[in-house]
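Chemist: First, the structure itself, so that you have it in front of you.
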Amino acid sequence: MGAFFGAASKRDVVMDVFFGVDYHSHLGTRRAGMVSCLPEGGFKKEIHSIENSPFRTRFENDLPGFRGTSAMGCISDSDPQPLLVRSHLGLFSIATVGAVNNAAALIESFSHVGHQFMATSSGEVNTTELIAALINTQETLVEGIRYAQEQVEGSLTLLVMREDGELIAARDPWGRLPVLVGRNHEGYCVTFESFAYGKLGYEDEHELGPGEIVSITADGYETLVPPQDKMRICAFLWVYYGYPNSNYEGVNVEVMRYRNGACMARDERERNILPDVDYVAGVPDSGLPHAIGFATESGKHFARPFVKYTPTWPRSFIPASQALRDRIAHMKQIPVPELIKGKKLLFVDDSIVRGTQLRETVDFLYGAGAAEVHMRSACPPIMYGCKYLSFSRSRSEYELIARRKVLELEGEEGERHIAEYADGRTERGRCLLRSICEEMGFDSLSYQSFDGMLEAIGIDRRMLCTYCWDGRE
């Protein structure tokens, strides 16, 4: 996915942006960049790969070259950015987050005017460069941002910084991602994760609505385009991607996860399917709070039968090679034999997407002497690849274990019954669970229900994007 952090102040904000971007490292794994408006004019910009080294390590040696009372930076899961763009709209820096599903058609639309795009190393066009080109077709930056958002099929949230230091932030028209403004006594910042600016001494000031565009300077913020009424913020933010300290639409991530686990345990107890286990545990790290809620509600002991060794590899998905990612994930799993050998264990994971690493985890637990391994997913079966934020990005939906199993069980006919397969209370749903258990080696499997997940989030379900579960746009 990705994220950005920008600040405008009466003092130098380089360190705020440095730490603010670093606090979003959980949202991107490929590229990162920083830009500052230099006091003498112009920009200072650096972009680095973060596939094999964290943001902080890659950029700390660049800090002496950055100066300015306005700066921005981003974490990206795709192309290098922020970019510097010069056009009739002036010189500006831009970073984008989202998914442009009609990129090829948009690029083709520029062919009649002879516009040329620089190709990336993969031969593709940098998405942020494409968005900048769309913006530059209009008379003002704000008109250009609105036009670009209208043209994109998918989602588009972005941050622009002018040469005079003004920041312009635009939330996706459907509010797929959060954008928040923080304030301290010297200026303002704008970002995704509220905890990031809280740790830097900023307080909550404003949460942009869907499609809202704001201008931010050291003196304050101003709404340039008011928000629209309808919202579809991604529910997966609370389930997995959001950082525990953050709040979206007034709902804290960690609190939601406790509540979510409790809802799961309550449902199993009411359905009389709660297994007799020695310990409830979470698959580290994001599965832990869901498991705490499950253990508390079920009355079972909470434990950590294995932990992740993270000092040298803080994220298992940094390497470009899938084989290396899988190997590192395996090497990071350090067992606590006293909590595994001969024990019946129930694990809660945030989600089950492809299931590759989870199968290795189960084999690892049985290899360490577990008597039983029961698995719970903190969200319903993922049936559709995300087309708005690439959260569950895949080359084919049949890479998703639940969707693949539907095809194996019933062929094309199963496509007509996805909703039934996603519901563990139906015959098709139970069949799906049995089939995954057989492949993965679980003693039992259950998914959080769709209604239970929405209950745990606690906001109007019409405001939530749930496309990866139900395919509804």
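Chemist: Quick check on this structure: which one of VAL214, VAL239, VAL181, VAL190 is of a type in the set (A, V, I, L, M, F, W, C), outside the structural domain of VAL14 (by TED's automatic domain parsing) and at pLDDT 95 or above?
Modeler: Values: VAL214 fails: outside the structural domain of VAL14 (by TED's automatic domain parsing); VAL181 fails: outside the structural domain of VAL14 (by TED's automatic domain parsing); VAL190 fails: outside the structural domain of VAL14 (by TED's automatic domain parsing).
Answer to the selection: VAL239.
Chemist: Counting only residues that are in contact with an Asp or Glu (Cβ under 9 Å, 6 or more places away or on another chain) and either basic (Lys, Arg) or on the phi > 0 side of the Ramachandran plot (or both), give me the helices (runs of 4 or more DSSP H) lying completely in the range 344-435 with at least 2 of them.
Modeler: 401-410
Chemist: Here's another thing I want to ask about it. Look at the range 60-85 and say how many of its residues are outside any loop (DSSP other than H, G, I, E, B) and either at pLDDT below 95 or not hydroxyl-bearing (Ser, Thr, Tyr) (or both).
Modeler: Residues of the range 60-85 outside any loop (DSSP other than H, G, I, E, B): 60-65, 70-76, 83-85.
Imposing the further condition that a residue be either at pLDDT below 95 or not hydroxyl-bearing (Ser, Thr, Tyr) (or both) reduces the set to 60-65, 71-76, 83-85.
Final tally of qualifying residues: 15.
Chemist: Out of all the residues in the range 33-59, which are of a type outside the set (Val, Ile, Thr) and in a loop (DSSP other than H, G, I, E, B)?
Modeler: Taking the range 33-59 first, the residues of a type outside the set (Val, Ile, Thr) are 33-34, 36-46, 48-49, 51-56, 58-59.
Across the range 33-59, the qualifying residues are LEU38, PRO39, GLU40, GLY41, GLY42, GLU51, ASN52, SER53, PRO54.
Chemist: Could you run through the range 197-230 and say how many residues are more than 30 Å from GLU153 (Cα to Cα) and hydrophobic (A, V, I, L, M, F, W, C)?
Modeler: The initial filter retains those residues of the range 197-230 that are more than 30 Å from GLU153 (Cα to Cα), namely 197-205, 217-220.
Subset that is hydrophobic (A, V, I, L, M, F, W, C): 200, 218.
Number of matching residues: 2.
Chemist: Any residue at all in the range 277-285 that's outside the structural domain of PHE195 (by TED's automatic domain parsing), within 26 Å of GLY198 (Cβ to Cβ) and crowded, with 23+ Cβ neighbours inside 10 Å? Full working, then the answer.
Modeler: The first filter runs over the range 277-285 and keeps only residues outside the structural domain of PHE195 (by TED's automatic domain parsing), leaving 277-285.
Narrowing further to those that are within 26 Å of GLY198 (Cβ to Cβ): 282, 284-285.
Applying the additional criterion that residues be crowded, with 23+ Cβ neighbours inside 10 Å yields 282.
Checked against the condition, which is being outside the structural domain of PHE195 (by TED's automatic domain parsing), within 26 Å of GLY198 (Cβ to Cβ) and crowded, with 23+ Cβ neighbours inside 10 Å, the range 277-285 yields at least one hit.
Chemist: On the given criteria, is VAL97 surrounded by fewer than 23 Cβ atoms within 10 Å (Cβ to Cβ), assigned by TED's automatic domain parsing to the domain that holds GLU40 and part of a strand (DSSP E or B)? Steps first, answer last, please.
Modeler: On the way: surrounded by fewer than 23 Cβ atoms within 10 Å (Cβ to Cβ): no; assigned by TED's automatic domain parsing to the domain that holds GLU40: yes; part of a strand (DSSP E or B): yes.
Here the answer is no, as VAL97 does not meet what is asked.
Chemist: In the range 341-355, is there at least one residue being modelled with pLDDT of 95 or more, basic (Lys, Arg), within 20 Å of MET440 (Cα to Cα) and surrounded by 14 or more Cβ atoms within 10 Å (Cβ to Cβ)?
Modeler: Scanning the range 341-355, I find at least one residue that is modelled with pLDDT of 95 or more, basic (Lys, Arg), within 20 Å of MET440 (Cα to Cα) and surrounded by 14 or more Cβ atoms within 10 Å (Cβ to Cβ), so the answer is yes.
Chemist: All but one of (1) touching a Cys at 6+ places or on another chain (Cβ under 7 Å); (2) farther than 28 Å from SER155 by Cβ; (3) not polar (S, T, N, Q) hold for PHE4; state the number of the condition that does not hold.
Modeler: So PHE4 meets the others, but not (2).
Residues are listed down the side, and each one gets a yes or a no for (1) assigned to a helix (DSSP H, G or I); (2) in contact with a Leu (Cβ under 9 Å, 6 or more places away or on another chain):
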site: GLN149; (1), (2): yes, yes
site: ILE168; (1), (2): no, yes
site: PRO173; (1), (2): no, yes
site: GLY201; (1), (2): no, no
site: LEU237; (1), (2): yes, yes
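Chemist: In the range 44-63, is there at least one residue being of a type in the set (Phe, Trp, Tyr), within 22 Å of ARG162 (Cβ to Cβ) and touching a strand residue (DSSP E or B) at 6+ places or on another chain (Cβ under 6 Å)?
Modeler: No, there is no match, as no residue in the range 44-63 is of a type in the set (Phe, Trp, Tyr), within 22 Å of ARG162 (Cβ to Cβ) and touching a strand residue (DSSP E or B) at 6+ places or on another chain (Cβ under 6 Å).
Chemist: When only residues in the range 332-343 that are free of Cβ contacts under 8 Å to residues at least 60 places away in the same chain and part of a loop (DSSP other than H, G, I, E, B) count, which is farthest from ARG304 (Cα to Cα)? Write out each step before concluding.
Modeler: Of the range 332-343, the ones free of Cβ contacts under 8 Å to residues at least 60 places away in the same chain are 332-338, 340-342.
Those still in the list that are part of a loop (DSSP other than H, G, I, E, B) too: 336, 340-342.
Details: VAL336: 8, ILE340: 9, LYS341: 13, GLY342: 15 Å.
Ranking the qualifying residues of the range 332-343, first place goes to GLY342.
Here's the yes/no breakdown for (1) buried (at least 23 other Cβ atoms within 10 Å of the Cβ); (2) farther than 22 Å from GLY250 by Cβ:
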{"site": "HIS185", "(1), (2)": "no, yes"}
{"site": "TYR188", "(1), (2)": "yes, no"}
{"site": "ALA196", "(1), (2)": "yes, no"}
{"site": "ASP204", "(1), (2)": "no, no"}
{"site": "GLU212", "(1), (2)": "no, no"}
{"site": "THR217", "(1), (2)": "no, yes"}
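Chemist: Now for a different question. Here is a list of conditions, (1) without any contact (Cβ under 8 Å) to a residue 24 or more places away in the chain; (2) part of a loop (DSSP other than H, G, I, E, B), and THR223 meets all of them except one; can you say which number that is?
Modeler: (2)
Chemist: Going by the conditions given, is MET231 of a type in the set (A, V, I, L, M), touching a residue at least 40 places away in the same chain (Cβ under 8 Å) and in a loop (DSSP other than H, G, I, E, B)?
Modeler: Numbers: of a type in the set (A, V, I, L, M): yes; touching a residue at least 40 places away in the same chain (Cβ under 8 Å): yes; in a loop (DSSP other than H, G, I, E, B): yes.
Taking the combined requirement at face value, the residue satisfies it.
Chemist: Out of everything in the range 7-32 that is under 18 Å from the mean Cα position of the chain (by Cα) and in a strand (DSSP E or B), what residue ends up being surrounded by the fewest Cβ atoms within 10 Å (Cβ to Cβ)? Before you say what the answer is, go through the steps one by one.
Modeler: Just the residues of the range 7-32 that are under 18 Å from the mean Cα position of the chain (by Cα), to begin with: 20-32.
The next check asks that each one be in a strand (DSSP E or B); those that pass are 31-32.
Details: ARG31: 20, ALA32: 28.
Restricting to residues being under 18 Å from the mean Cα position of the chain (by Cα) and in a strand (DSSP E or B), the top hit is ARG31.
Chemist: Out of all the residues in the range 42-69, which are closer than 18 Å to THR29 by Cα and of a type in the set (Gly, Ala, Ser)? I'd like the intermediate steps shown before the answer.
Modeler: Here is the first cut: in the range 42-69, the ones closer than 18 Å to THR29 by Cα are 46-60.
Listed by number, the residues that qualify are SER49, SER53.
Chemist: Can you pull out the residues in the range 239-259 that are more than 12 Å from GLU193 (Cα to Cα) and either within 15 Å of the chain's Cα centre (by Cα) or assigned to a helix (DSSP H, G or I) (or both)? Full working, then the answer.
Modeler: Let us first name the residues in the range 239-259 that are more than 12 Å from GLU193 (Cα to Cα), namely 239-240, 250-251, 254-259.
Those that are more than 12 Å from GLU193 (Cα to Cα) and either within 15 Å of the chain's Cα centre (by Cα) or assigned to a helix (DSSP H, G or I) (or both): VAL239, TYR240, GLU254, VAL255, MET256, ARG257, TYR258, ARG259.
Residue-by-condition table, conditions (1) touching a Ser or Thr at 6+ places or on another chain (Cβ under 8 Å); (2) closer than 24 Å to ILE457 by Cα:
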site	(1), (2)
LEU177	yes, yes
GLY187	yes, no
GLU205	no, yes
LEU208	no, yes
TYR240	yes, yes
GLU254	no, yes
ARG259	no, yes
ALA265	yes, yes
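Chemist: Does the range 44-57 hold any residues that are of a type outside the set (Val, Ile, Thr) and within 15 Å of GLY20 (Cα to Cα), and which are they? Even if it seems obvious, please write down each step before you answer.
Modeler: First pass over the range 44-57, keeping only residues of a type outside the set (Val, Ile, Thr): 44-46, 48-49, 51-56.
Selection gives PRO54, PHE55, ARG56.
Chemist: Please specify each residue of the range 64-84 satisfying the condition of being over 13 Å from HIS48 (Cα atoms) and aliphatic (A, V, I, L, M). It would help to see each step written out before you state the result.
Modeler: Within the range 64-84, the first condition is being over 13 Å from HIS48 (Cα atoms), and the residues that meet it are 64-72, 84.
Matches in the range 64-84: ALA71, MET72, LEU84.
The values are calculated or read from the model by the stated rules, or taken from the named source; none is laboratory data. Note that this is a predicted model, so its numbers are computed, not measured. Neighbour counts run over all protein chains shown; Cβ positions are idealised from the backbone, glycine included.
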